[in-house]
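One structure below.
FYI, it's all coordinate maths here, none of it is from the lab. Everything numeric in this text was worked out from a predicted model, so none of it was measured. Methodologically, a virtual Cβ is constructed for each residue, glycine included, from the backbone with ideal geometry; neighbour enumeration extends over all protein chains shown.
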Amino acid sequence: MDSIIVRGGRELNGQIAIAGAKNAALALMPATLLSEEPLTLTNAPRLSDIKTMTTLLQSLGAEVAPMRDGQVLALACHGAINHVAEYDIVRKMRASNLVLGPLLAREGHAIVSLPGGCAIGARPMDIHIHGLEAMGAEIALKDGYLHARAPLGGLKGAQVDFPFASVGATENVMMAATLARGTTVITNAAREPEIVDLAECLTRMGARIDGAGTRAITIEGVDRLHGATHPVVTDRIELGTYMLAPVLAGGAVECLGGRLDLVQAFADKLDEAGIEVTETAAGLKVARRNGTPKAVNVTTEPFPGFPTDLQAQMMAMLCTASGTSVLEETIFENRFMHAPELMRMGAEIEVHGGSATVRGVERLKGAPVMATDLRASVSLILAGLAAEGETVVNRVYHLDRGYEQLVRKLSGIGADVERVHGQ
Ligand code: UD1
């Protein structure tokens with residue numbers, strides 16, 4: 001297994017190009033199942049999660065061409081398709097569940113394995129099921145698979161009120177509703193930028209959607225969707241991750257393609273910590289010229305709140321801030337697995353349930369570490385950039401799921417980081 005070796009203590013300066021959003025692309029790709037015509041996604045990221053979704057869509061009968069110019073994903077799905085999403089593929093990634101809504105809308109039935117994904121909590125699918133059932137679907141769980149069937153004549157527009165603003169459930173129901181009979185109104189919908197991006201793509205395909213990005217989304221069903229070309233929105237989590245690199249290591253880094261509206265709550269916390277974030281013509285620039293960042297308290301929330309997907313990276317930064325910070329994780333119940341690894345590097349952290357108290361120390365020390373999920377892994381890379389000595393991050397396959405060319409991007413701003421190929 002490959003590892004990444006980080007030798008800390010170098011100041012970081014320069015530019016990093018931020019890729020298209022993994023989480024947006026993973027929702028956009030299944031939208032190809034809603035049309036007989038081609039869907040082309042530009043600014044797509046090169047990640048193993050995208051390969052997993054490609055394999056899944058191909059297993060359903062879609063054509064996915066090898067990525068062109070490293071960024072263009074051409075998808076098409078004409079003719080008869082398979083409606084069974086197999087466990088062997090779905091278990092690799094929770095976002096595989098995003099084929100459920102489109103399959104049901106197109107085929108009238110779908111059999112989709114319950115997903116796997118990051119080990120960060122129970123992550124059930126009850127909210128997705130509730131939404132699709134409101135549209136008339138009958139859904140049963142048999143042998144680890146969801147068996148879903150639309151009523152005769154297809155899904156019906158409905159009032160769908162979510163008990164929690166689930167990102168995936170909002171995407172699944174929004175896609176299903178584009179081809180339903182009548183109008184669907186989702187209330188307490190998720191408001192993440194990836195939802196807005198999916199709505200924009202579906203609209204390009206001929207869907208009628210209003211209110212994406214607010215708590216209430218209205219979707220008027222149409223008879224068919226057509227082909228489209230759509231640019232994937234910037235990855236706000238990759239953006240936030242690289243914005244933290246100079247905060248930990250010192251220096252000034254411009255994140256190309258970055259937009260403040262994608263990371264406002266996060267940027268507000270950096271501001272509170274005394275870190276300068278400026279908008280430039282090409283993106284966002286973060287500078288830590290001198291001084292130590294101040295401790296800040298952080299509570300994760302659905303968008304527009306502080307993203308759970310940046311909690312681990314923020315914790316890494318707060319390990320060497322001056323003072324004591326409290327991080328509250330409200331989205332996932334088991335998302336502090338990076339804490340014991342950071343403690344191996346000398347961090348002082350106490351975890352009590354969904355809350356972690358971090359007492360800033362002067363300096364972290366390099367150590368061999370590993371993590372069991374994507375964002376936890378990258379938090380260890382960030383910590384390694386600031387640490388004295390060598391940090392070896394194992395289980396690099398987590399990073400390959402969500403960070404394209406991580407080593408090249410960090411080396412480009414002056415980090416001493418290399419990937420070592422294991423057995
Ligand atoms: C998406 C993101 C993930 C991010 C998360 C929260 C993708 C591919 N992944 O995941 O990176 O961390 O949003 O911002 O976009 N829940 C239920 N029942 C459900 C669905 C969800 O209880 O039917 C719970 C989950 O267990 C979790 C919380 O709701 O505790 C948030 O889940 P959700 O918003 O659905 O996240 P995902 O779409 O899985």
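Reducing the range 234-253 and the range 148-174 to their Cα centroids gives an inter-centroid distance of 36 Å.
Residues whose amide H comes within less than 5 Å of that of GLY9, counting only those at least five positions distant or on another chain, are ALA386, ALA387 (H built at 1.01 Å from N in the peptide plane).
Computed from the C-beta positions of THR278 and LYS51, the FRET efficiency with R₀ = 35 Å rounds to 0.45.
Estimated from helical segments only, the mean residue ellipticity of the chain at 222 nm is -8500 deg cm²/dmol, where each DSSP H run of four or more residues counts as -39500 (n - 2.57). Each part gets one Cα centre, and for the range 275-350 versus the range 30-97 those centres are 33 Å apart. PRE reach from VAL420 (point 7 Å along Cα→Cβ): which of the range 372-396 fall under 20 Å by backbone N? Once the point is set 7 Å along Cα→Cβ of VAL420, 372, 377-396 turn out to lie under 20 Å by backbone N, inside the range 372-396. The gain in end-to-end length when the ARG204 to GLU36 segment is fully stretched comes to 59.0 nm, 0.36 nm per residue minus the alpha carbon separation. Remark: relative contact order (the range 223-294) = 33 percent; criterion is Cα-Cα distance under 8 angstrom and separation of 6 or more residues.
Placing a label point 7 Å from the Cα of ASP69 along the Cα-to-Cβ line, the residues of the range 226-242 whose backbone N sits under 16 Å from it are 229-233. Counting every other Cβ atom within 10 Å of each residue's Cβ, HIS78, HIS83 order from fewest to most as HIS78, HIS83.
Dipole magnitude for the range 154-309: computed about the Cα centre from +1 point charges on Lys and Arg Cβ and -1 point charges on Asp and Glu Cβ, it is near 120 debye. Basic side chains Lys and Arg get +1 at the Cβ, acidic Asp and Glu get -1 at the Cβ, and with that the dipole of the range 22-231 about its Cα centre reaches some 200 debye.
Modelled label positions at SER411 and ARG181, each set 7 Å beyond Cα in the direction of Cβ, lie 6.0 nm from each other. Rounded to the nearest 20, the Cβ-based charge dipole of the chain about its Cα centre (Lys and Arg +1, Asp and Glu -1) stands at 420 debye. In this simple spin-label model, placing a label point 7 Å from the Cα along the Cα-to-Cβ direction at both ILE81 and THR214 gives a separation of 3.0 nm. For the range 337-342, putting each phi into the Karplus relation 6.51 cos²θ - 1.76 cosθ + 1.60 with θ = phi - 60° gives couplings of 6, 6, 4, x, 6, 5 Hz, in residue order, rounded to whole numbers and with x for Gly and Pro. For the range 22-231, the tally of Lys pairs with Cα-Cα distances below 24 Å comes to 4, considering only residues 8 or more apart or on different chains. Computed extension gain for GLN15 through SER322, at 0.36 nm per residue and net of the alpha carbon distance, reaches 107.8 nm.
Distant-in-sequence amide contacts of LEU155, defined by a placed amide H-H separation under 5 Å and a gap of 5 or more residues or a different chain, comprise ARG181. Annotation for ARG359 and VAL392: the two label points, set 7 Å from Cα along the Cα-Cβ direction, are 3.1 nm apart.
The GluC sites (Glu not before Pro) of the range 345-423 that DSSP puts in a loop, and whose beta carbon has at most 10 other beta carbons within 10 Å, are GLU362. Ordering ASP49, ASP271 from the fewest to the most neighbouring beta carbons within 10 Å gives ASP271, ASP49. In percent, rounded to a whole number, the relative contact order of the chain is 22, using alpha-carbon pairs under 8 Å and six or more apart.
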